[in-house]
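**Student:** First the structure, then my questions, so here it is.
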Amino acid sequence: MTLRAVLAGAGSYLPERIVTNAELADRIDTSDEWIIERTGIRQRHIAGPHETAAYMGTRAAAAALAHAGAKASDVDVIILGTSTPDQAFPATAVAVQAELGTGGFGFDVSAACSGFVYGLSIADAMIRSGQVRGALVIGSEVYSRILDWNDRGTCVLFGDGAGAVFLRAEEQPEGSAGRGILSTHLHSQGSLGPLLYVDGAVGRPELSGHLKMNGREIFRHAVSKLASAVDEALAANGMHSADVNWLVPHQANLRIIDAMGRKLGLAPDRVVVTVDRHANTSAASIPLALSEAWHSGRMQRGDLLVLEALGGGLTWGSALVRL
Ligand code: UT7
């Protein structure tokens, strides 16, 4: 037997307000057809003033705890991936801690769209080492606040929301048959930072604070790097694409998601897609997609999931999980 981080529950939160492509086309030079054809996005949720990363993350985390049948006192660590924290510090994770009333400790992870996969990897290591027994991993983002709403090349692509999972330490059979996180693989390449970044922050108030992206180059890197990340994850576990039940990818562009599904030889209904309704919610996209698919009853205990993401940094990575 071996100590594993088992996915005990998942939850999500989406702002009430939905903005359709048609609504954007009324304001900027774009069209519903262009957005759907190039990205697969049909609508996105946009946060109201009270819907901050902490507000949404707390609600997603509470839903994950309820799904897991866990209490606040079961949480030893909160790890929250975000690029849009409520403030420079304290971390958004400790604001969530205060509202949930958990003990232990918490901190944020800054890895852009890969923030949730990075957070899972850290939580997995903490659980395997015996440092913690219960971990909340959250992705929560309000990209609507860092977008240039006059830049049609970026503002149509993103949405707001939060997703969370609760991981519990459990003794499981060794090898890939056991449940829990089987492996995680993380990468970053700082030299590619200028392809996707936010111009400025609290320390550089003279800059715009808006997201800038070379979409075409990011697309190219995403397709090749995510394909290698998936190969790496399967090889590390002595597994093949035929062993995979579900792909739960970062939701940036339906064309990238479809390419990854084809690479794994998965039927389209085995690839979780939310980008059409949520757009790209950065670190929140994987836990939002996972939560939705799990709660719908489509996923079964014992299924093998591949999670993968790429984002600003560049950062990218994967997690192989037996549900
Ligand atoms: O989450 C982090 C990871 N992010 C990603 O993975 C995003 C990766 N990149 C992409 O998803 C795609 O590159 C985009 C969706 C961002 C862009 O799609 P594309 O097929 O690469 O288009 P493009 O940037 O090459 O632009 C094609 C044309 C351009 O016009 P010209 O120069 O050909 O005349 C753009 O100006 O489309 C134009 N365009 C638009 N037209 C209507 C760009 N944005 C829009 C728009 N509406 N919103």
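Let's see how each residue does on (1) touching an Asp or Glu at 6+ places or on another chain (Cβ under 8 Å); (2) outside any loop (DSSP other than H, G, I, E, B); (3) of a type outside the set (S, T, N, Q):
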residue: Glu51; (1), (2), (3): yes, no, yes
residue: Ala63; (1), (2), (3): no, yes, yes
residue: Ser73; (1), (2), (3): no, yes, no
residue: Ile78; (1), (2), (3): no, yes, yes
residue: Pro90; (1), (2), (3): no, no, yes
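**Student:** Consider Ala62 carefully, then state whether it is open to solvent by 40 Å² or more (accessible area, probe 1.4 Å), more than 16 Å from the ligand (Cβ to nearest atom) and at pLDDT below 95.
**Tutor:** no
**Student:** For Leu264, only one of the following conditions fails: (1) open to solvent by less than 50 Å² (accessible area, probe 1.4 Å); (2) within 24 Å of Leu182 (Cα to Cα); (3) within 16 Å of the ligand (Cβ to nearest atom). What is its number?
**Tutor:** (3)
**Student:** Yes or no: segment 23-38 includes at least one residue that is open to solvent by 10 Å² or more (accessible area, probe 1.4 Å), modelled with pLDDT of 95 or more and closer than 30 Å to Leu182 by Cα.
**Tutor:** No, that holds for no residue.
**Student:** Tally time: how many residues in segment 106-137 are more than 21 Å from Thr315 (Cα to Cα), surrounded by fewer than 16 Cβ atoms within 10 Å (Cβ to Cβ) and without any contact (Cβ under 8 Å) to a residue 60 or more places away in the chain?
**Tutor:** 2
**Student:** Has segment 287-304 got any residue that is assigned to a strand (DSSP E or B), open to solvent by less than 10 Å² (accessible area, probe 1.4 Å), farther than 14 Å from Gly139 by Cα and touching a helix residue (DSSP H, G or I) at 6+ places or on another chain (Cβ under 8 Å)?
**Tutor:** Yes, there is a match, as at least one residue in segment 287-304 is assigned to a strand (DSSP E or B), open to solvent by less than 10 Å² (accessible area, probe 1.4 Å), farther than 14 Å from Gly139 by Cα and touching a helix residue (DSSP H, G or I) at 6+ places or on another chain (Cβ under 8 Å).
**Student:** List every residue pair whose Cβ atoms sit under 8 Å apart, with the two residues 6 or more apart in sequence or on different chains, where the first one lies in segment 248-266 and is in contact (Cβ under 8 Å) with a residue 24 or more places away in the chain and the second, anywhere, is open to solvent by 30 Å² or more (accessible area, probe 1.4 Å) and more than 16 Å from the ligand (Cβ to nearest atom).
**Tutor:** Correct list of pairs: Lys263/Ser241; Leu264/Ser241; Gly265/Ser241; Gly265/Ala242; Leu266/Ser241.
**Student:** Looking at segment 239-247, can you tell me whether even one residue there is within 16 Å of the ligand (Cβ to nearest atom) and open to solvent by less than 70 Å² (accessible area, probe 1.4 Å)?
**Tutor:** yes
The values are calculated or read from the model by the stated rules, or taken from the named source; none is laboratory data. Being a predicted model, the structure only gives us computed values, none of them experimental. Quick reminder, even Gly has a Cβ in these numbers, built from the backbone with ideal geometry, and neighbours come from all protein chains shown. When the accessible area is computed, the model is the full protein with side chains, heavy atoms only, and any ligands, DNA or RNA have been set aside. Shrake-Rupley method; radii C 1.70, N 1.55, O 1.52, S 1.80 Å.
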